[in-house]
Structures are given as structure tokens and as C-alpha cells.
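The values are calculated or read from the model by the stated rules, or taken from the named source; none is laboratory data. For clarity, every value in this text was computed on a predicted model and none was experimentally measured. Backbone-built Cβ (ideal geometry, glycine too); neighbour counts: all protein chains shown. Accessible surface areas use protein heavy atoms only, side chains included; no ligands, DNA or RNA. Shrake-Rupley method; radii C 1.70, N 1.55, O 1.52, S 1.80 Å.
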Amino acid sequence: QVQLVESGGGLVQAGGSLRLSCAASGIIFSLNAMEWYRQAPGKQRELVASITSGGSTNYADFVKDRFTISRYNAKNTVYLQMNSLKSEDTAGYYCAARRGGVRVWGQGTQVTVSS
């Protein structure tokens with residue numbers, strides 16, 4: 001059974017930092033690209049960052065130079081280090097594992113940034 005479990009969300013003041021984790025099971029983690037998305041109330045889900053199986057990364061413009069995605073294949077875990085958080089970063093954050101045309105989602109973790 002495929003399972004992605006996010007953790008690390010919470011309430012933080014603007015300018016602060018959080019590190020999200022996503023632990024995967026039931027997949028060959030090293031062969032999957034891993035992605036972080038977010039969805040704010042009333043808005044569409046949007047891609048925040050991604051990392052390929054080979055370690056290449058890509059970021060949305062709105063998080064460049066603030067967020068860092070990384071993966072630790074030995075622990076089947078992907079991370080999202082979020083620095084210099086802004087109130088507009090408030091959202092549910094979801095990780096996804098993608099291989100070929102198939103994407104599997106986690107249940108999400110809430111990040112709330114107070115101004």
C-alpha cells in the first residue's frame with residue numbers, strides 16, 4: 001500500500017522558518033520524482049517545488065531563494081525547508097510522488113504564517 005505522510009507544519013510568525021517532511025512507503029522511492037504542492041482556501045493547488053530521482057530541483061518563482069527541496073533516499077523522505085515565510089505562504093502543503101504518468105498524494109500538513 002502506497003503511503004505518503006507529511007509532517008512539520010504549524011504556526012509560525014512572518015520571517016520564520018519551518019521544515020516539512022514527507023515519508024514514503026510502498027513505492028520505490030529512489031525512482032520517483034517528488035513534489036511539494038500547496039493549496040490555500042479558495043485557490044487552486046499549485047506546485048511549489050520538485051526534485052527528480054536524479055536530484056535536479058525546480059522551484060516556483062514565488063518561493064525561489066526562500067525554500068529548498070531535498071531528498072534522502074535512504075530514509076524514503078523528501079524535505080521542504082521554508083525560510084523567510086510570508087503570510088501568503090499560508091496553505092495546506094501536500095507532497096506527491098510521481099513516476100511516469102502516475103502521481104500519488106499525501107494527506108497534507110497545514111502551514112499558517114502570522115503577520
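Odds and ends about this structure:
- Whole-number accessible area per residue in Å² for the chain, which is evaluated in the context of all protein chains at 1.4 Å: 53 Å²
- Charge dipole of segment 1-91 (Cα centre as origin; +1 on each Lys and Arg Cβ, -1 on each Asp and Glu Cβ, all else neutral): 120 debye, rounded to the nearest 20.
- Percent accessible area from carbon and sulfur atoms, the chain, protein chains only, probe 1.4 Å: 45 percent
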